[in-house]
Amino acid sequence: MVDFSHSAELLELRDRIGQFIREKIVPLEHDPRQGPHGPEDALIREMQEMARKAGFLSPHAPEKWGGLGLDHVGMAVIFEAACYSSLGMLALNIQAPDEGNTNLLAKVGTPEQNEKWLRPLVEGKIRTVFQMTEPDNGAGSDPSLMKTSARQKGDHYIINGTKWLITGYPGAGLHIIMARTFDEAGEDVGATMFLVPEGTPGMKMVRLLDTMDSNSPGGHGVVELKDVKVKAEDILGQVGKGFRNAQVRLGPARLTHCMRWLGQAVRCHDIAVDYAQRRQSFGKAIGYHQGIGFQLADNEIDLDHCRLSILHCAWLMDQGEMARKETSQSKVYCSEALGRVVDRCVQVLGGLGITSDTIVERTYRDIRAFRIYDGPSEVHRHVLANGIMKRAAAE
């Protein structure tokens, strides 16, 4: 049986971070330096400076590069506490895509690349982008459809293509671009990841998309890549191994999404419980009416099961397992269950739930996208179903 008990040190860190979030970050949730495309960089820098002084910045990153070096179980515990506020992930520098890119660079990047890019990322000095998704029947849930090309020209590669739903483009310092790669003979050698600094000629955002979520700095852009010249030394990983190396990022990143949203759903549930205690109807607090009380009970069931699913996947990863099946299961279950939790909270709050007087309304809009990004539920179910059929055929 898996032991999910935590060390006294981890629990003490969780409690200190929880107190920091409640006292320092929650009061900033109505700061005017926020808009439909996320918080402004000035607000992010202010929060990260507070986190840095408290010793909480980038807890997921390796100690060598300035983080706390948490394992996956540690991250599950700390991310939930940190994300009790919708701004907590930014304050501690654990928001996507930076958190996933930190993991990717740490495991795939060269020492020279990591000194140049990973260290400032961990220190909160830069933001990063992961450019993979494409429009017009290009790469998405099926990355084999990738149309963006990188053609070798001596010691350089020339990248052309279009990417879309690229999170955090405005203000980012580094772009990790995935492209189908062709050698000098014109042979397709597979996908490759490239490290491209902001300001590189030929790369520009042509449109900033209006989306229902507002939790990512810079929002989501459409990016045009036209004859973007990249040195061979700026290849991340190996030529043609981009999809394989991307799994280093994508699997754990799906799980950390679950960790972050669990924290925000817990916050919404706490707000709903508090309201259900205070709000009176027909002679008693509304939480004692089955119509409300049962919704709170269902919330607690979903929250506890999500936490167990996350911890199980995190434990497997800490044992050195890829846990692809379990991660897909957790991504599907948590994205849907936590969405139900927040939806019930809106219902419990009634008219208050559809206003911005509480964070529930914003979380309701933001969390809906969780079922789409990093693989929609249908794609994960497709992968899981194929695995079921293959195992059955092998028996």
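The values are calculated or read from the model by the stated rules, or taken from the named source; none is laboratory data. None of these values were measured; they are calculated from a predicted model. So basically every Cβ, Gly included, is an ideal-geometry build from the backbone, and we count neighbours across all protein chains shown.
Below is a table of values for the structure above.
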{"item": "So LYS204, is it out of contact with any helix residue (DSSP H, G or I) (no Cβ under 8 Å at 6 or more places or on another chain), surrounded by fewer than 16 Cβ atoms within 10 Å (Cβ to Cβ) and under 15 Å from ILE166 (Cα atoms)", "result": "yes"}
{"item": "Failed item, numbered, when ARG14 is tested on (1) in a helix (DSSP H, G or I); (2) surrounded by 12 or more Cβ atoms within 10 Å (Cβ to Cβ); (3) free of Cβ contacts under 8 Å to residues at least 40 places away in the same chain", "result": "(3)"}
{"item": "From GLN319, GLN295, GLN290, residue being under 23 Å from ARG267 (Cβ atoms) and over 19 Å from the mean Cα position of the chain (by Cα)", "result": "GLN295"}
{"item": "Scope the stretch 61-100; condition in a loop (DSSP other than H, G, I, E, B) and either more than 16 Å from THR128 (Cα to Cα) or in the same structural domain as PHE370 (by TED's automatic domain parsing) (or both); matching residues", "result": "PRO62, GLY66, GLY67, LEU68, GLY69, LEU70, ASP71, CYS83, TYR84, SER85, SER86, LEU87"}
{"item": "Strands (runs of 3 or more DSSP E) contained entirely in the stretch 133-236, each with at least 2 residues that are in contact with a strand residue (DSSP E or B) (Cβ under 8 Å, 6 or more places away or on another chain) and among the hydroxyl-bearing types (Ser, Thr, Tyr)", "result": "156-167"}
{"item": "Flag if GLY124 is assigned to a helix (DSSP H, G or I) and crowded, with 19+ Cβ neighbours inside 10 Å", "result": "no"}
{"item": "Residue check, ALA150 touching a Lys or Arg at 6+ places or on another chain (Cβ under 6 Å) and surrounded by 15 or more Cβ atoms within 10 Å (Cβ to Cβ)", "result": "no"}
{"item": "Residues of the stretch 49-72 satisfying the condition of being touching a Gly at 6+ places or on another chain (Cβ under 9 Å) and either of a type in the set (Ser, Thr, Tyr) or loosely packed, with under 15 Cβ neighbours inside 10 Å (or both)", "result": "GLU49, SER58, GLU63"}
{"item": "Close pairs from the stretch 89-113: first within 13 Å of ILE176 (Cβ to Cβ), partner among the aliphatic types (A, V, I, L, M) and assigned to a loop (DSSP other than H, G, I, E, B), Cβ under 6 Å, at least 6 apart", "result": "THR102/ALA61"}
